[in-house]
1. Please find, within region A:47-69, the residue that is nearest to DNA strand C (Cβ to nearest atom) out of those that are surrounded by 14 or more Cβ atoms within 10 Å (Cβ to Cβ) and either assigned to a strand (DSSP E or B) or not hydrophobic (A, V, I, L, M, F, W, C) (or both).
2. Would you check which residues across region A:36-46 are touching a residue at least 24 places away in the same chain (Cβ under 8 Å) and either farther than 14 Å from A:ALA16 by Cα or within 11 Å of DNA strand C (Cβ to nearest atom) (or both) and list them?
3. Any residue in region A:91-106 that is within 7 Å of chain B (Cβ to nearest Cβ) and among the polar types (S, T, N, Q)?
4. When the residues of region B:3-32 are narrowed to those that are touching a Phe, Trp or Tyr at 6+ places or on another chain (Cβ under 8 Å) and at pLDDT below 90, which ends up surrounded by the most Cβ atoms within 10 Å (Cβ to Cβ)?
5. Across region A:9-46, what is the total count of residues that are more than 9 Å from DNA strand D (Cβ to nearest atom), in a helix (DSSP H, G or I) and either under 29 Å from A:ASN156 (Cβ atoms) or not aliphatic (A, V, I, L, M) (or both)?
6. So B:ALA73 fits all but one of (1) open to solvent by 70 Å² or more (accessible area, probe 1.4 Å); (2) in contact (Cβ under 8 Å) with a residue 24 or more places away in the chain; (3) small (Gly, Ala, Ser); what number is the exception?
7. Tell me the residue from A:ARG118, A:ARG61 that is more than 22 Å from the chain's Cα centre (by Cα) and more than 7 Å from chain B (Cβ to nearest Cβ), please.
8. Which one of the conditions (1) acidic (Asp, Glu); (2) open to solvent by 10 Å² or more (accessible area, probe 1.4 Å); (3) within 21 Å of the chain's Cα centre (by Cα) does A:GLU153 fail to meet, given that it meets all the rest?
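The values are calculated or read from the model by the stated rules, or taken from the named source; none is laboratory data. As the structure is a prediction and not an experimental result, all values here were calculated from the model. Heads up, the Cβs are rebuilt from the backbone with ideal geometry, glycines too, and the neighbour counts pull from every protein chain shown. These area figures cover heavy atoms from the full protein model, side chains too; ligands, DNA and RNA do not enter into them. Shrake-Rupley method; radii C 1.70, N 1.55, O 1.52, S 1.80 Å.
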There are 2 protein chains.
Amino acid sequence: MSLRHAVLAALSRGEASGYELAKRFDVAVADFWSATPQQLYRDLERLERDGLVEARVVEQRRRPTKRVFTLTAAGHQALREFVREPARPAAIRDEFLVKLQAVESGDAGALVAGAEARLARSREKLAGYERLLAESGDDLGPYLTLMAGIMYEQQNIQWTELVLQRLRGGEDGTA
Amino acid sequence: MSLRHAVLAALSRGEASGYELAKRFDVAVADFWSATPQQLYRDLERLERDGLVEARVVEQRRRPTKRVFTLTAAGHQALREFVREPARPAAIRDEFLVKLQAVESGDAGALVAGAEARLARSREKLAGYERLLAESGDDLGPYLTLMAGIMYEQQNIQWTELVLQRLRGGEDGTA
DNA sequence: CCTACCTATTCAACTTGTTGAGTATAGGGG
DNA sequence: CCCCTATACTCAACAAGTTGAATAGGTAGG
């Protein structure tokens, strides 16, 4: 149970509709916690049912009506309790590393292509984060999570460059 | 469907029983792909049913009988195909970052404690990986994934130190 | 001999996360 | 006027991951 908490944390920084949350998750947070819109709507419903968030219907002029969610007192309380509990260690699921484990029995060329794609993606992400950093205020939480993203991608780029070097340089994968 | 592939990759480096696989996953691989024994047994069954792995019963002298799994030709084939497909981007789920997002409405002291625990854990992991690196052969796949673990933890340590500094140094989290 | 602890595996129930499709409102472009 | 796109949300089915417990053989220690 933890997307729940990610939602609570997101709402603690300001009310939002499901749709808006989905975007926030996609932009700022996707790299350490991802969720599809469907998941968000489902969890918002549950949170509402459990009394941790409240919905308010907002009719808009030039757009479809939306439901905007806010934390209730119980929601704030639940969030504080969550923060107090020790965090479970980060779970990483990185398919590329699995593929890499099988270099010797697989297609090294495909892995080179994969590494190049990864490198490109990391560079884009990094650039995006750096832009956000320049624009962003000095709220501690968002700053530190942004730095996590930046440092993670920097390290990722370095590692991927090492991979490329080894995959290309020494053709002796089968040594 | 991807623990399947992680299992195939693991078996491509040598036959193993479910129990042995569980240990391998726990030691070497846990940081980029984790699985409980139950999950492994379940997936091994499916892989067997689908003809990608074969089981061989091995009776042991001083221990309970075990079933040792090997890749079949179809299994090798499936692994090669998996390696050729582009990898989906890594999914990270890091609870600590979620908690950090809520610093302002939560207990900063608990977060300091959490950061310290994270730091300790990362240092242990790093030491373990470095030991493995010294012992290990020069197979490319394992080498690169080990390096991924090492670089990841190094970066993690740096970031966590930054977090501690900010959480402690400037007590003005609510600025 | 009884207990505790590894090895080795299985069953069942549950929570999360993923995928694909589908509804509806409204604006802009051709 | 029709289609495309963006907003805003919902339903259903499924795949993957988690948790807790149970079974069972064997060894070592008190």
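1. In the first step, residues of region A:47-69 are kept if they are surrounded by 14 or more Cβ atoms within 10 Å (Cβ to Cβ); the result is A:47-48, A:52-55, A:66-69.
Filter once more, so that each one left must be either assigned to a strand (DSSP E or B) or not hydrophobic (A, V, I, L, M, F, W, C) (or both): A:48, A:53-55, A:66-69.
On the way: A:GLU48: 15, A:VAL53: 16, A:GLU54: 20, A:ALA55: 17, A:LYS66: 11, A:ARG67: 14, A:VAL68: 17, A:PHE69: 17 Å.
It comes out as A:LYS66.
2. Selection gives A:GLN39, A:LEU40, A:ASP43, A:ARG46.
3. Yes: region A:91-106 contains one or more residues that are within 7 Å of chain B (Cβ to nearest Cβ) and among the polar types (S, T, N, Q).
4. The extreme case among them is B:PHE25.
5. Residues meeting the conditions: 11.
6. Condition (2) is where B:ALA73 drops out.
7. Exactly one residue qualifies, and that residue is A:ARG61.
8. Condition (2) is where A:GLU153 drops out.
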